[in-house]
Amino acid sequence: MAAVGSACLFVGLLTALYAVGAALYGARTGRRRWVDSSRFAMYALAGLLVTAFGLLEVAYLTSDLSLRIVVQSSSTDTPTFYKVTGMWSTQEGSLLLWVLLLSIFSAAVLRATRRTMREIVPYATAVLGTIAAFFLALSVFAESPFTTFAVPPAEGNGLNPLLRHPAMMIHPPMLYSGYVGFSIPFAFAVGALVTRRTGADWIRATRRFALIAWTFLGFGIMLGALWSYSELGWGGYWAWDPVENASLMPWLTGTAFLHSVMVQEKRGMLKVWNVSLIVTTFVLALLGTFLVRSGILSSIHAFGASTLGPPFLAFIAAVLVGSLVLVLVRLPALRTESRLDSLVSRESIFVLNNLVLVSVCFVIFWGTFFPLISEAITGTESSVGPPWFNQYVTPLALVLVLLAGIGPVIAWRRATPANLRRAFLAPVAIAAATLVALLALTPAAESVPSLIMFTLVGFVLAVVGQELWRGVGARRAMAGESPPVALVRLVARNRHRYGGYVVHAGIALLFLGVAASSAFVDQRDVRLRPGQTTEVGDYVVTYREPTARFLDDRSGTGAPITFGAVLDVRNLNGDERFTLNPSRNYYAASEGGGPMGTFGRFFQGESTTEVAVRWGMRRDFWMAVQPDLRALIGPIKEANRRFAGLPGEAQALVLAAIVERYRRDTPSATFRTLVSPMIAWIWIGGGVVLLGALLALWPTAGARERRVTSLYAARLGRELSRA
Amino acid sequence: MEYALALLILAALVAVFVSVPLRRDEIAADAAEADRRAELEAAKEAKYREIRDAELDFRMGKVSEADHRATDRELRGQAIEILERLDALEPETVARPPNGAR
């Protein structure tokens with residue numbers, strides 16, 4: 001199996017290099033057959049990598065411990081779900097996943113463009129082949145996932161317990177799909193620059209891929225935030241951690257790109273900006289991939305240090321410098337086709353939105369790399385924390401949400417005062433009513449940024465509602481349809497437009513959750529003994545009893561030992577009562593390791609939090625527990641002394657007794673409790689964004705499209721005949 | 001040994017597959033024209049979409065009538081240009097205006 005897998009990767013590398021050569025030769029000589037052959041090579045590459053990936057998955061599922069990668073990140077007793085997904089917790093597996101996704105995306109786009117863009121496609125193929133060859137070279141020569149042991153160990157290390165969370169295991173493929181997806185518009189942009197075909201063709205051909213990439217990346221970021229909230233035990237969803245930031249940066253520039261390409265498509269403007277944006281996005285995507293494992297910045301996500309720093313940085317530098325030179329050389333071909341008619345126009349709002357998004361990205365970049373920058377300048381590494389990021393990002397986010405409301409209703413080219421009045425009267429009135437209601441009925445004024453954000457959210461939702469209302473009205477006037485039919489047909493026939501509006505509404509809801517939960521969270525760290533009570537916000541919490549489980553894994557993570565607590569919670573009014581069971585899972589340290597001996601090692605490996613959350617639309621009640629195991633030191637020492645030589649089954653009985661000791665003779669435990677208002681709206685908003693993106697991506701039925709376009713052709717003709 | 005064998009078999013399979021286009025005749029002029037037509041069809045669809053968008057914007061009151069007329073005229077002119085280029089490729093397959101106006 002390992003031999004076939006390794007051969008797949010090596011032949012894949014040769015195939016990628018062949019694709020590059022054949023595509024360039026075909027483009028230079030005009031021999032189309034070679035270009036077609038390069039496309040076939042990219043299909044073959046996808047086939048080879050799917051085979052390699054499949055073989056590795058079989059190795060994981062069958063716990064083939066002859067493979068180093070399986071030993072690193074799996075074991076015979078790892079739950080099946082985590083065996084399937086364990087591959088991408090390793091560096092070798094991550095690289096394979098990256099290049100596999102790249103080959104699939106490349107094959108898809110080359111299939112879609114096989115009869116169009118004859119000049120651009122060969123160069124785009126060469127770029128995609130080069131990227132694939134780079135990653136495959138790393139996989140073949142530096143970090144092969146098919147490296148074997150001469151003598152396989154008896155057992156694997158198992159998957160890092162922190163990663164044993166469903167969101168975390170889907171998160172990497174989503175993020176990577178996002179990173180990889182942006183390589184498609186990047187490759188076509190390079191092709192467009194090389195061939196001087198800098199119109200909107202390359203944008204039209206790859207916009208769907210850019211949107212897919214943006215959707216995957218956004219979804220991946222949301223899953224990461226959800227994992228942070230429900231697994232890491234600190235109570236938040238975003239810590240401005242370098243790895244989190246690394247995924248957000250390309251998403252921000254990708255968002256800017258998706259907006260600014262509309263200006264190029266409609267007006268032939270912003271050509272230099274658009275190619276620069278997609279180059280930046282792709283470089284940031286490469287940087288994001290690199291940062292996860294490089295270890296150059298300390299991160300809660302630093303699951304392993306990499307040896308790939310130099311080649312990765314060299315590749316990123318080559319992409320950056322090469323693209324920059326190409327853009328500069330092609331500046332004459334990137335001249336704008338028209339000028340800005342008015343500062344009060346959709347084009348201007350998009351430019352402003354782009355500037356804000358890029359500014360947020362720059363702030364995050366600066367804050368993320370500040371430790372390296374400060375060390376280079378002063379010789380001392382210092383870093384900036386969440387308050388620094390919040391100080392700059394919060395006002396920019398407010399402007400961004402405001403623009404998300406203005407953009408959809410303002411006209412292309414120029415907006416007249418009459419247009420503006422008609423467009424903004426109702427949304428501004430609703431925003432003002434929201435502000436008054438917030439001031440009168442809630443304590444929102446305690447946080448001015450949050451108050452502004454809530455008002456702006458009202459504005460954006462009003463704008464989106466008004467757009468739907470007026471669109472339905474226009475459709476009813478044209479076709480005489482009933483409101484529900486008009487709504488469905490309006491959205492179905494303008495999916496890109498209304499999908500975008502739904503995304504704007506989702507972003508507004510997401511920011512509603514962010515603003516409310518960050519400004520009005522009530523957090524308390526408290527130490528309690530069974531029977532003791534404390535107050536958090538409007539709630540009374542009583543520590544009813546401890547829990548202790550041995551070989552009774554209810555969270556599905558494969559943890560042998562779990563300590564936790566049962567807590568009764570009621571609000572001060574007494575009309576809401578519920579019970580929470582936070583716990584902490586303990587995984588054994590490797591055999592023979594740890595100063596606490598045979599039995600102590602079961603408590604000295606990794607431990608993870610199982611958060612208990614009472615989810616709610618108005619507020620979440622979140623709880624984590626940190627059991628105090630010091631009382632078990634005595635019994636563990638005694639067990640080491642008396643029972644270390646016993647066979648495995650007998651040792652299990654002793655361990656069960658130690659675990660039970662915690663339940664019978666419980667010391668106090670430390671609890672972290674959060675009451676987070678409206679935090680659920682972050683996940684709801686994320687879901688709405690996803691829905692909007694899917695709506696925009698959903699393909700139009702071919703038959704309907706043809707019918708409509710033929711109607712337009714006929715109509716154009718009729719009008720011509722009258723002219 | 002197993003690795004070398006796998007390498008040989010896979011390399012041979014890939015070589016056979018990627019050489020399929022090379023064993024065909026060089027692309028004929030009509031095939032190149034078909035590619036050009038597909039490109040123009042895509043541009044035509046995009047232009048029609050723009051015309052529809054502009055009309056919806058106008059009916060929703062986002063643009064003044066004068067601005068809409070100017071935009072619409074420009075977009076239709078561009079659409080006609082694309083239709084003419086399609087006509088030039090293969091006149092009988094392109095939707096033609098009635099009454100022989102063209």
query: Dipole of the range A:92-204 (Lys/Arg Cβ +1, Asp/Glu Cβ -1, origin at the Cα centre): which of A:130, A:145, A:169 lies farthest to the positive side?
result: A:130
- request: Would you mind checking the tilt of helix A:386-406 against the longest principal axis of the Cα atoms of chain A, expressed as 0 to 90 degrees and rounded to 10?
  value: 40 degrees
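Given a cut-off of under 8 Å on Cα pairs at least six residues apart, what relative contact order in percent is computed for the range A:185-335?
Values: 151 pairs, mean separation 41.7, N = 151.
Computed value for the range A:185-335: 28 percent relative contact order.
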field: Global form of the range A:39-107, assessed from the alpha-carbon gyration tensor, a/c cut-off 1.5
entry: prolate
query: Under a straight-distance cross-link criterion of Cα-Cα below 18 Å, which aspartates and glutamates are reachable from residue A:637, leaving out those fewer than 8 residues away in the same chain?
result: A:591, A:628, A:660, A:665
query: For chain A, what does -39500 (n - 2.57) per DSSP helix run (n ≥ 4), summed and divided by total residues, give at 222 nm, in deg cm²/dmol to the nearest 500?
result: -22500 deg cm²/dmol
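Under 8 Å for C-alpha pairs, at least 6 residues apart: give me the relative contact order for chain A, rounded to a whole percent. All intermediate terms of the calculation are to be shown ahead of the outcome.
Working: 1235 pairs, mean separation 73.5, N = 723.
Relative contact order for chain A comes out at 10 percent.
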- request: Between residue B:33 and residue A:111, with labels modelled 7 Å along Cα→Cβ, what's the label distance in nm to one decimal, could you check?
  value: 3.0 nm
Assigned charges on the beta-carbon of Lys, Arg, Asp, Glu; the range A:522-678 dipole about Cα centre (debye): 300 debye
message: At a 10 Å Cβ-Cβ cut-off, how would you order B:1, A:453, A:262, fewest neighbours first?
response: B:1, A:262, A:453
field: Options A:252, A:368, A:3, ranked by Cα towards positive dipole end of the protein assembly as shown, top entry (Cβ charges)
entry: A:252
- line: Tilt, helix A:495-519 to longest principal axis of chain A (alpha-carbon atoms), in degrees rounded to tens, equals 40 degrees
- request: First check a/c for the range A:382-441, with a ≥ b ≥ c the square roots of the eigenvalues of its C-alpha gyration tensor; if it is under 1.5, answer rounded, and if not, answer prolate when a/b is larger than b/c or oblate otherwise.
  value: oblate
Number of partner chain Cβ atoms within 10 Å, mean per residue of B:16-23: 6
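Let me have the relative contact order for the range A:2-338, percent, based on Cα pairs under 8 Å that are six or more residues apart.
Details: 546 pairs, mean separation 56.7, N = 337.
This gives 17 percent for the range A:2-338.
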message: Only four residue types carry charge here, +1 at the Cβ of Lys and Arg and -1 at the Cβ of Asp and Glu. Report the dipole size of chain A about the Cα centre in Debye, rounded to the nearest 20.
response: 3520 debye
task: Provide a whole-number value for the mean count of partner chain Cβ atoms within 10 Å of the Cβ atoms in peptide B:9-15.
output: 6
message: I'd like the FRET efficiency for residue B:87 and residue B:64, computed as 1/(1 + (r/R0)^6) with the beta carbon distance as r and R0 of 25 Å, rounded to 0.05.
response: 0.15
- line: Taking the square root of 5λ for each eigenvalue of the C-alpha gyration tensor of the range A:72-216, the equivalent ellipsoid has semi-axes, largest first and in whole angstrom, of 36, 17, 10
- prompt: Per 5 Å bin, what is the whole-percent P(r) computed from every C-alpha pair distance within the range A:522-678?
  reply: 2, 9, 18, 21, 16, 13, 9, 6, 4, 2, 1, 0
- prompt: Once Lys and Arg get +1 and Asp and Glu get -1 on their Cβ, which of A:191, A:89, A:666 lies farthest toward the positive end of the dipole of the protein assembly as shown?
  reply: A:191
statement: A correct fewest-to-most ranking of A:69, A:364, A:633 by other Cβ atoms within 10 Å would be A:633, A:364, A:69
- prompt: When A:188, A:362, A:53 are ordered from fewest to most other Cβ atoms inside 10 Å of their Cβ, what list results?
  reply: A:362, A:53, A:188
task: Please give, to one decimal in nm, the separation of the simple spin-label points placed at residue A:381 and residue A:553, each 7 Å out from Cα toward the Cβ.
output: 3.4 nm
- prompt: If you line up the Cα atoms of chain A on their principal axes, what length do they span on each, largest first, in Å?
  reply: 102, 70, 57
query: Based on the Cα gyration tensor of the range A:483-577, what are the three equivalent ellipsoid semi-axes, each the root of five times an eigenvalue, rounded to whole Å and given largest first?
result: 44, 22, 14
Derived scalar couplings ³J(HN,Hα) [the range A:66-82; Karplus, 6.51 cos²θ - 1.76 cosθ + 1.60; whole Hz; x for Gly, Pro]: 6, 8, 4, 4, 5, 5, 4, 10, 8, 7, 5, 9, 5, x, 4, 4, 7
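Each reported figure results from applying straightforward, stated rules to the coordinates on display, with no laboratory input. Here the structure is a predicted model, which is why all the values come from computation and not from measurement. Note that we place each Cβ from the backbone using ideal geometry, even for glycine, and neighbour counts take in every protein chain shown.
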